Each structure stands twice: as structure tokens, then as C-alpha cells.
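*Asks:* Okay, handing you the structure first.
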Amino acid sequence: MSIFDVATTRRGTGSLKWDKRPELQPFWVADMDFLSPPEVIEALHQRVEHGVFGYAVPHDGLVESILCYLDKRHGVSASAEHLVHLGGLVPALSLAGRAFADPGEALLTCTPVYPPFLNVHRDGALELITVPYVLEDAQWVFDWDAMENAVTDSTKLFLLSNPQNPLGRVFSKEEILQLAEFCDRHDLILVSDEIHCDLILEEERTPHFTALQLPEKYAVRTITLLSPSKTYNIAGMGYAYAVIPDKRLRHMFNRKSGHTLAEITCLGYYSAEAAYRHGEPWRRELISYLRTNRDLLTAFCREKLGNVLIPDIEATYLAWLDFRPTGITEPNQFLEKEAALFLSDGRLFGAPGHTRLNFGCSRALLQEAITAMGNALGK
Ligand SMILES: Cc1ncc(COP(=O)(O)O)c(C=O)c1O
């Protein structure tokens with residue numbers, strides 16, 4: 001039995017995932033049902049034990065653990081001054097929009113995508129331009145021609161999710177280089193949200209190429225957003241960071257935050273440090289567990305459901321299900337009503353007829369969802 005098979009009760013614990021619709025089994029918002037690594041829990045215990053919870057700063061140990069992580073995992077040598085500490089990545093997406101575009105100017109992104117990408121433009125009264133990803137040889141890829149046609153003179157930034165939520169793609173080095181070249185040619189700031197980069201399910205086959213590894217000349221237009229939150233299941237602790245090597249860009253980003261961002265808590269800082277310092281063996285076990293969950297779900301959809309399409313999931317614990325061939329136009333409503341399952345509605349990602357299933361749960365629970373989905377569709 002794996003540590004990830006242990007089902008910890010979350011209902012009634014103030015959990016967004018479990019308590020929002022208690023009448024349904026939750027497979028929606030992107031957090032996992034697993035306990036965080038024991039070292040993270042222990043670090044939190046120790047900090048809580050101290051008993052004083054005043055305003056916090058990113059302590060040296062945290063910064064050291066991040067720089068070490070960037071070096072060891074990504075081969076990137078960053079320095080402390082390149083880091084901008086944040087209470088979450090979504091505020092950073094909004095801040096980037098406001099920092100690098102003026103009202104009336106535009107941001108560009110590709111769909112389907114994590115819903116805040118489609119909404120943060122409102123914070124800065126910006127225009128939103130979207131271009132759908134296209135399926136090529138059973139793989140979701142950028143539609144370069146459509147992007148060339150869509151980009152305008154007033155477009156100022158491109159928001160990238162890599163690995164991609166919800167498609168589960170890990171973009172290759174070539175794709176990221178081509179994207180950087182596209183941004184360079186159109187004078188766009190590239191905002192690369194890489195929150196899922198430690199959740200790659202077969203890293204030898206699809207390694208992560210971080211925007212931080214782009215050639216030096218692109219640094220003047222690149223912001224990379226990272227966090228240990230998804231991987232170590234500490235999203236509720238509220239800690240993320242941006243790596244912005246270019247001084248001018250960093251200044252523009254910081255200046256625009258004004259009074260819009262809340263203080264980061266000491267528990268956010270300490271849990272992040274412990275995750276990066278001690279979490280790697282746990283992460284490896286997690287990846288192996290998620291891989292089996294992915295394989296189970298993929299095989300079920302392809303062998304038993306035939307007409308619910310599932311892409312090859314290279315990363316994340318999120319499965320993007322295309323219900324359109326079933327003739328079911330509202331898959332979320334259907335699954336709620338017929339299977340008592342709560343998934344994420346594809347419309348929020350810019351793609352009606354789709355739904356996103358979070359398989360970051362015990363295998364037993366995933367099996368229940370599979371059975372319920374099979375029964376509902378078999379009716
Ligand atoms: C691509 C992506 N970015 C950001 C977030 C959320 O980041 P945060 O909780 O730090 O705001 C998520 C959560 O699912 C995500 O998938």
C-alpha cells in the first residue's frame with residue numbers, strides 16, 4: 001500500500017474542494033487529497049510551536065532553498081535579487097497585466113487555459129486576445145499562423161501555462177524557443193507560469209524547458225512564475241515567487257503592485273522551504289502514484305468510453321476530457337446529475353463541451369469516479 005492510498009477526511013475541514021458542494025464527490029479544483037510530505041508538516045509544527053505570528057520576511061533559509069532548487073532541478077543560476085516573493089501566482093498574472101500593458105492594450109494567450117488567464121485582463125482594463133491550441137498528430141500544439149494573425153500592435157504580453165493546464169502538455173525546448181522568438185518579434189513580455197513543472201509524469205521523455213533557460217537576449221522580456229504549492233499540496237499556504245533576472249522588468253513589476261498584495265505568512269515561507277529542501281523523495285513517489293492514476297483513467301476512457309476523448313497527459317494531475325463526441329453538450333451538469341461528480345467546467349477554460357478531472361486523489365476514490373462515470377454514460 002502506498003502512502004497516497006491513505007484517504008484523509010477533508011470534508012468539514014473548510015476545504016474549498018470538498019466543502020463547496022458537499023453533496024457531490026469532488027474532482028475539480030487543482031489540489032490533491034494527499035498529506036503533504038512529513039518534513040513539511042514538521043516544519044509547520046515547529047513554526048507554530050514558536051507561537052508568535054507577526055509580519056514575516058522571506059528568511060535566508062527559504063531563499064537558499066529556492067536558489068538551490070533552481071540550480072539542481074533546472075540548471076539555472078539565479079540570485080536572491082532576481083526573486084519576487086508573492087502570496088500566489090494568480091495575483092502575479094494580474095500584476096503582470098497591469099505592469100506591462102496600459103488600459104486598452106492587449107494580452108494574448110492560447111486556449112483552453114486555466115481560467116484566471118482569461119480574466120486577469122479585466123484588472124487592468126486590457127483587451128484579451130485568445131488563440132486556440134490545435135491538435136496535430138494527437139498532440140496539442142501552438143497554432144503559429146493563427147497567433148501571427150491574432151497579435152496586434154497594441155498587444156503587450158503573452159501568458160503561457162507550461163506545463164499546460166488543462167491540456168497536460170509539457171512544451172518542448174523547440175516550442176518554447178519559437179514562442180520566445182514570436183514574443184521578441186512582436187515585442188511582447190513573456191509571462192511563463194510554470195507552477196506545474198515538478199509534476200511531469202515521464203521526465204525522460206518530456207523534460208521541462210523553463211523560460212529561465214532561454215538565451216540571454218530574451219531575459220529582458222521574460223518573467224517566470226513558480227511555486228512548490230501544487231507539487232507538495234500546500235496551495236492553501238499562499239506562497240509563490242517570480243524569477244525576473246532583468247532589473248528594469250523587475251522594477252516595473254514591483255512598482256505596479258502598490259498596495260494590492262497581502263503580506264505573505266510565515267507559514268507560507270516555512271512550508272515552501274521545507275518542501276524544496278526535503279520533499280524530493282516524496283515527490284518521486286507522488287509522480288509514480290499519479291502516473292498509475294493517469295494510466296488507469298486514460299485506459300478507462302479509451303477502452304470503455306471510446307467517445308470521451310482524453311489527450312496523452314504528460315504532466316499535472318488534471319485530465320482534460322472532451323465530451324463532444326458523446327453528444328452531451330453540458331458534461332459538468334451531466335456528471336453532477338447522473339454520477340454525483342463535481343468536475344471543472346470546460347467553459348471556464350474557454351472550451352465548452354469539455355470537463356477537467358483532477359486525479360490527485362487516492363486510487364480507490366478515482367476508481368469510484370470511473371465507475372460512476374461509466375454507469376452514467378452506460379445508461
Ligand atoms: C497554471 C496555474 N497557475 C496558477 C495557479 C494557482 O496559483 P496560486 O494558487 O498560487 O494563485 C494554478 C492552480 O491551479 C494553475 O493551474
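What follows draws every value from the coordinates through simple rules; no lab data is involved. Just so it is clear, the model here is predicted, and its values are computed rather than measured. Please note: Cβ atoms are built from the backbone with ideal geometry, for glycine as well, and neighbour counts cover all protein chains shown.
*Asks:* Once the dipole of the chain is set up with Lys and Arg at +1 and Asp and Glu at -1 on Cβ about the Cα centre, which of Ala56, Phe359, Ala340 lies farthest towards its positive end?
*Replies:* So the residue furthest toward the plus end is Ala340.
*Asks:* Let me ask you something else. Pull out a ≥ b ≥ c, the square roots of the eigenvalues of the alpha-carbon gyration tensor of the chain, then state rounded if a/c is under 1.5, prolate if not and a/b is larger than b/c, and oblate in the remaining case.
*Replies:* Oblate, because a/c is 1.5 or more while a/b does not exceed b/c.
*Asks:* Next question. What residue among Thr109, Pro37, Leu95 has its Cα farthest toward the positive end of the dipole of the stretch 1-123, where the charges are +1 on Lys, Arg and -1 on Asp, Glu, each on the Cβ?
*Replies:* Thr109
*Asks:* How would you order 148-155, 354-361, 88-95 from highest to lowest mean count of nearby Cβ atoms within 10 Å? Mind showing how you got there, number by number?
*Replies:* Numbers: 148-155: 14.0, 354-361: 25.0, 88-95: 22.6.
Descending packing order for the listed peptides: 354-361, 88-95, 148-155.
*Asks:* How do the peptides 6-16, 310-320 rank, highest first, by the average count of neighbouring beta carbon atoms within 10 Å per residue?
*Replies:* Details: 6-16: 11.2, 310-320: 23.4.
Peptide ranking by packing, descending: 310-320, 6-16.
*Asks:* Follow-up. Taking the alpha-carbon centroid of each part, what is the distance from the stretch 1-63 to the stretch 280-327 in angstrom?
*Replies:* Each part's Cα centre sits 24 Å from the other's.
*Asks:* Let me ask something else about it. Ratio of Rg to Rh for the stretch 54-277, alpha carbon only, Kirkwood? If you can, show how the numbers build up before the last one.
*Replies:* Details: Rg = 16.7 Å, Rh = 17.7 Å.
Taking Rh as the inverse mean 1/r over Cα pairs, Rg/Rh reads 0.94.
*Asks:* With unit charges on the beta carbons (Lys and Arg positive, Asp and Glu negative) and the dipole taken about the Cα centre of the chain, which residue among Gln25, His74, Trp140 sits farthest to the positive side?
*Replies:* Going by the Cα projections, it comes out as Gln25.
*Asks:* Just want to confirm a number: the relative contact order over the stretch 54-277, from Cα pairs under 8 angstrom separated by 6+ residues, in percent. Intermediate values should be presented prior to the final figure.
*Replies:* Values: 396 pairs, mean separation 58.9, N = 224.
Worked out over the stretch 54-277, it gives 26 percent.
*Asks:* Continuing with the same structure: Normalised by the residues of the chain, what does the relative contact order come to in percent, with Cα pairs under 8 Å and at least six apart? Don't skip to the end; give the middle numbers.
*Replies:* On the way: 702 pairs, mean separation 88.9, N = 379.
That works out to 23 percent.
*Asks:* So, one more: Antiparallel as a % of all DSSP beta bridges within the chain, to the nearest 5?
*Replies:* Details: 19 of 40 bridges.
Here the share of antiparallel DSSP bridges comes out near 50 percent.
*Asks:* Could you rank the peptides 122-129, 26-33, 337-344, 48-55 by their average count of other C-beta atoms within 10 Å per residue, with the highest value first? Intermediate values should be presented prior to the final figure.
*Replies:* Numbers: 122-129: 17.0, 26-33: 21.6, 337-344: 19.1, 48-55: 8.1.
Ranking the peptides 122-129, 26-33, 337-344, 48-55 by packing returns 26-33, 337-344, 122-129, 48-55.
*Asks:* Sum -39500 (n - 2.57) across every DSSP H segment of at least 4 residues in the chain, then divide by the residue count to get the 222 nm mean residue ellipticity, nearest 500.
*Replies:* Details: 11 runs with 132 residues, N = 379.
That calculation yields -11000 deg cm²/dmol at 222 nm.
*Asks:* Additional query: Just give me a number: lysine pairs in the stretch 54-277, eight or more positions apart or cross-chain, with C-alpha atoms less than 17 Å apart. Display every interim value, and only then the final one.
*Replies:* Details: Lys156/Lys256; Lys173/Lys217; Lys217/Lys247; Lys247/Lys256.
Going through the stretch 54-277 pair by pair, I get 4.
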